[in-house]
Amino acid sequence: MDTLVPRRLRIAVFAASLVLPALAAQAGNANYYQQFGGTAGMRSLVDAFINRVVADPRISAYLTHTNIPALKAALTVQFCHLEGGNCAFSLNMHAVHANLGVTQAAFNALANDLYITMDRRMIPVAAQNNLLAKLASMEPQIVTR
Ligand code: HEM
């Protein structure tokens, strides 16, 4: 069998088996970004999400001195990056939150606010779960208390 398949073809098939799943994963993420409504949808989602967070008594004390428009802008880029929208984002979440003393309860409250905001906007459940899972994976970098 080995001799019937040219070596170059076997190498090409092997290379494709490595590259195609990565491309598929990227396409899947890009598809999620579309499910969030692309750039305009994501900006609008983050706007509503942070408005909810600022008004949430479980979290608001953390944000008294925060530049809210700047926070919204940074989060919009980060969520775009996470959901395959081809945005460059490289802020270190541990460094950004290191001095804030974020508790597990506050972290959960923020995730809950995001879930409510996404659900009210009828974002497809798979896309919601994808973003929530990515935020959940950052918890060890953000919760310090
Ligand atoms: C996975 C969850 C979270 C993500 C992805 C996230 C992401 C971010 C980002 C992108 C920034 C902007 C940084 C900058 O532009 O310098 C930021 C800042 C901030 N975050 Fe978070 N955050 C999360 C959870 C939380 C939680 C749970 C709290 C508080 C309860 C919180 C409080 C803040 C505050 C107060 C700032 C402003 C810091 C400053 O102005 O120096 N974050 N966060």
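Rule-based calculations on the coordinates, nothing more; no lab input. Quick caveat, the model's predicted, so the values are computed rather than measured. Note that each Cβ is placed from the backbone with ideal geometry, even for glycine, and that neighbours are counted across all protein chains shown.
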* Rank these for me by crowding, 80, 87, going from fewest to most other beta carbons within 10 Å. => 87, 80
* Segment residue 90-residue 60, length gained on full extension (0.36 nm per residue, minus Cα span) -> 8.2 nm
* Structure fact -> When all Cα-Cα pair distances of the stretch 74-145 are considered, the percent exceeding 18 Å is 43
* May I ask for the percentage of alpha-carbon pairs in the stretch 24-145 that lie more than 23 Å from each other? => 26
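Sort 62, 33 by Cβ crowding within 10 Å, fewest neighbours at the top.
62, 33
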